[in-house]
Each structure stands twice: as C-alpha cells, then as structure tokens.
Amino acid sequence: MALWRIRATVDDRPGYLAVLTASLALRAVNILAVQVHTTEAGAVDDFLVDAPDAMTEKDLVAAVERGRGRDAWAARAEARGLADQPTRALALANRLVRDPEALGDVLRTLLGAGSVTWRPAPASQVAARSTDTMRLPDPAGGCYDVVRREPSFTPAEFARAQALVELAAAVNRRTGDQVTLMMPDGAELLLRPAVSDDLNALHAMVDRCSPESRTPGLLGRPPEVVAARLRRMLEQPRGVLLVAVDSSAAADRIVGAGQLIVEGALGEVGLLVEDGWRRRGVGTALLRRLAGHAGRTGQAALVAHVAANDLGMLRTLARLHRPGPVERDGEMMSVTVPLVDRPVDISAPTPATTT
C-alpha cells in the first residue's frame with residue numbers, strides 16, 4: 001500500500017461525496033483523512049488515502065472522475081501527511097512564536113509550495129490570491145510570493161496563511177516592545193508588555209510591596225479584590241500594561257508595573273514598583289514608555305492620580321519635563337502631563353484608577 005494525496009471538486013449537493021468515496025472504495029483505496037474546502041465552484045475535497053501499490057496517478061484520477069469528481073489531482077504523499085491540518089498549523093504557529101523570521105519556511109511547509117520569494121512590494125500590492133500564487137505581507141516590510149503549480153490554492157488555505165502572517169506580525173510587535181534596562185549598579189531589567197501568565201507574578205509583587213508604596217487603587221484592598229483588578233488590567237481591550245522583570249532571579253520576578261488606560265484624548269497612568277527597586281529609575285523608564293505608547297496612539301495628555309505625600313511618583317512625573325495642570329482633592333492630587341503642544345481639555349471624564 002502507498003500513501004497518496006487526492007484533490008477534486010465535487011458538487012456541493014447531498015450524496016455526491018458518498019458517490020466519490022464509494023468509487024475509491026471499489027478500487028480498494030482506504031481514505032485516511034479528508035478535508036472539505038468550500039469554494040464558488042463547489043466543494044473541494046482533499047483526501048489522504050492508502051492505495052494498492054499497483055495503482056498509478058492515472059488510475060486514481062480515473063476513479064475520482066467515475067465518482068463524479070472533477071479537476072482531479074493526485075500525488076504521492078509522505079507519512080507526515082498523516083497529521084491533520086489543524087495539528088500541522090498549530091505546530092507551525094508554535095515555530096513562528098519562537099522564530100518569527102521563519103515565516104517564509106513556515107508558509108512553504110503549510111502550503112506545500114514550490115517556491116516562496118520575498119519582494120519589496122508596497123502594501124497596496126499584498127494579500128492577493130490566484131489559482132497558483134499567493135501574495136502575503138511580510139510584517140517586517142515587503143511581501144512573500146508563494147507559488148504552487150498544483151493543486152490550485154483554495155480560500156481556506158489563503159485564510160490559514162493569512163492567520164500565520166498575522167501571528168508573525170503580533171510576535172514581531174511584542175518583540176519590538178521589549179527593551180533591556182541597564183541599572184547604574186549593573187543589574188538588568190527587561191521591560192515588556194504583560195501577558196496572562198504574569199498574573200501570579202504580579203500578585204506576588206503587590207504582596208511584597210509595603211502599603212506606603214502601593215498606588216491608591218490597590219491600597220488596603222482584600223486579596224480577592226486585588227486579584228480581580230489585576231485580571232482586568234491584563235484583559236483591558238485598550239491601553240497597555242508593562243512589567244519590569246528581573247531575569248537574573250531563579251524565576252523571572254516582576255519588580256515593577258506600569259499601566260496606561262485609554263479613554264478619549266486622555267490616558268490614565270499608574271505605576272507600582274516594589275520597595276527594593278524604588279528610586280533606581282524603574283518607574284521613570286516605565287512611565288516614559290507608557291508616554292511613548294500614548295503619543296503613538298493619539299492621546300493628547302496623561303493623567304495620574306497620586307497621593308499628595310507620594311513624592312517619588314510626583315518626581316517621576318516631573319522627569320517627563322512637560323508641566324501641566326495639577327488639581328488637589330484632599331489627600332489626592334490629579335497631575336496632567338500634556339503630550340501635544342496644543343491646549344488639553346482636562347474636563348473630559350477620566351476612568352477610575354485601577355492600579
């Protein structure tokens with residue numbers, strides 16, 4: 001017995017697939033896997049089969065045509081084809097997460113392409129498909145031309161390829177958001193966007209902080225309330241949560257966090273740095289990156305709600321060298337930091353502090 005891959009178009013009508021499979025069964029062809037791609041021309045059925053050694057490509061195509069299949073194509077397959085497409089796509093996605101530069105090789109493997117060529121094309125010329133060519137954007141610039149002589153590309157294959165391109169772009173963006181901070185004493189911290197797996201480490205950092213160092217939104221809260229707030233910080237649809245990670249520890253240890261919440265033209269910021277890392281520039285580095293993110297996404301100003309006796313946070317805000325309005329309400333101060341040179345309307349509502 002030998003492994004073959006067969007593709008054919010079948011009318012998308014009840015019973016037609018059964019006729020095709022029956023025709024293959026009459027020739028002792030065992031179907032190991034099947035995928036159905038919906039197209040305007042009908043259902044494109046993609047089979048992985050085990051056929052008698054004596055059968056040829058011509059024999060298989062003839063069996064498909066007797067089963068009312070058209071545009072038939074058959075080619076010898078390898079044992080790795082036994083892995084179903086979702087499993088293969090997930091494995092390739094895992095490879096991209098570890099190495100986004102491997103996008104070209106991943107596309108070749110996913111699509112069984114004859115060639116994958118990078119070209120310096122403008123955005124208006126990418127994300128296109130013909131029967132034998134896909135043009136997909138490269139997240140780093142330009143595009144990939146993916147060519148396969150046969151069988152023809154289907155819309156489902158195009159969608160899978162685009163999903164992997166988008167994954168590579170997301171990994172590239174996250175990698176670009178990472179920066180290593182060298183401390184005056186030689187220690188190194190990694191500043192990066194937080195991910196869901198950071199929840200326990202964030203909670204541990206909050207527990208290590210003294211009440212005096214916590215920002216007002218977390219001060220004196222029960223542990224279950226703190227956990228719920230941290231989950232919301234990680235899941236917010238807009239804004240960003242950055243963490244400062246001490247990679248020299250036995251396990252990566254978060255020693256600081258900075259949050260930006262976006263609402264309208266204003267972005268609310270909050271910082272929390274554990275006691276042993278305060279007054280070492282961690283908060284300033286986090287705040288500057290948050291300000292840069294807010295500026296890139298069109299916010300006109302930052303606002304921070306600070307305890308009046310939190311001189312460290314007030315000094316950190318002053319280091320941005322962009323003085324703005326300061327309002328005091330009892331023990332709390334609201335400090336606005338303009339990010340543009342035009343007047344900022346601070347009467348716009350700001351979200352409640354969450355850090």
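The values are calculated or read from the model by the stated rules, or taken from the named source; none is laboratory data. Being a predicted model, the structure only gives us computed values, none of them experimental. Positions of Cβ are generated from backbone atoms using ideal geometry, with glycine treated the same way; all protein chains shown enter the neighbour counts.
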(message) Tally up the residues in the range 275-300 that are charged (D, E, K, R) and in contact with a Gly (Cβ under 7 Å, 6 or more places away or on another chain), please.
(response) 2
(request) Can you give me the number of residues within the range 165-197 that are at pLDDT 85 or above, over 13 Å from the mean Cα position of the chain (by Cα) and surrounded by 12 or more Cβ atoms within 10 Å (Cβ to Cβ)? (result) 5
(message) What's the total number of residues in the range 38-52 that are surrounded by 15 or more Cβ atoms within 10 Å (Cβ to Cβ) and either assigned to a helix (DSSP H, G or I) or of a type outside the set (Phe, Trp, Tyr) (or both)?
(response) 9
(request) Within the range 5-23, track down each residue that is assigned to a loop (DSSP other than H, G, I, E, B) and at negative phi. (result) Asp11, Asp12, Arg13, Pro14
(request) Report whether or not Gly217 is surrounded by 12 or more Cβ atoms within 10 Å (Cβ to Cβ), at positive phi and either modelled with pLDDT under 85 or among the aliphatic types (A, V, I, L, M) (or both). (result) no
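Every residue, every condition in (1) part of a loop (DSSP other than H, G, I, E, B); (2) at positive phi, yes or no:
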| site | (1), (2) |
| --- | --- |
| Ala25 | no, no |
| Val36 | no, no |
| Ala54 | yes, no |
| Arg68 | yes, yes |
| Thr87 | no, no |
| Leu92 | no, no |
| Glu101 | no, no |
| Arg108 | no, no |
(message) Here's a check for you: in the range 254-276, which residue that is without any contact (Cβ under 8 Å) to a residue 60 or more places away in the chain and surrounded by fewer than 22 Cβ atoms within 10 Å (Cβ to Cβ) is nearest to Asn200 (Cα to Cα)?
(response) Gly276
(request) Scan Arg13, Arg27, Arg108 and give me the residue that is without any contact (Cβ under 8 Å) to a residue 40 or more places away in the chain and in the same structural domain as Arg135 (by TED's automatic domain parsing). (result) Arg108
(message) Quick check on the range 292-304. Is at least one of its residues part of a helix (DSSP H, G or I), without any contact (Cβ under 8 Å) to a residue 24 or more places away in the chain and either hydroxyl-bearing (Ser, Thr, Tyr) or under 21 Å from Met183 (Cβ atoms) (or both)?
(response) yes
(message) Filter the range 244-288 down to the residues that are among the charged types (D, E, K, R) and either assigned to a helix (DSSP H, G or I) or in contact with a Pro (Cβ under 6 Å, 6 or more places away or on another chain) (or both) and list them by number.
(response) Glu263, Glu268, Asp275, Arg288
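Yes or no, residue by residue, for (1) among the charged types (D, E, K, R); (2) within 21 Å of Arg279 (Cα to Cα); (3) in contact with a helix residue (DSSP H, G or I) (Cβ under 6 Å, 6 or more places away or on another chain); (4) at pLDDT 80 or above:
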| position | (1), (2), (3), (4) |
| --- | --- |
| Leu317 | no, yes, no, yes |
| Arg322 | yes, yes, no, yes |
| Val326 | no, no, no, yes |
| Ser347 | no, no, no, no |
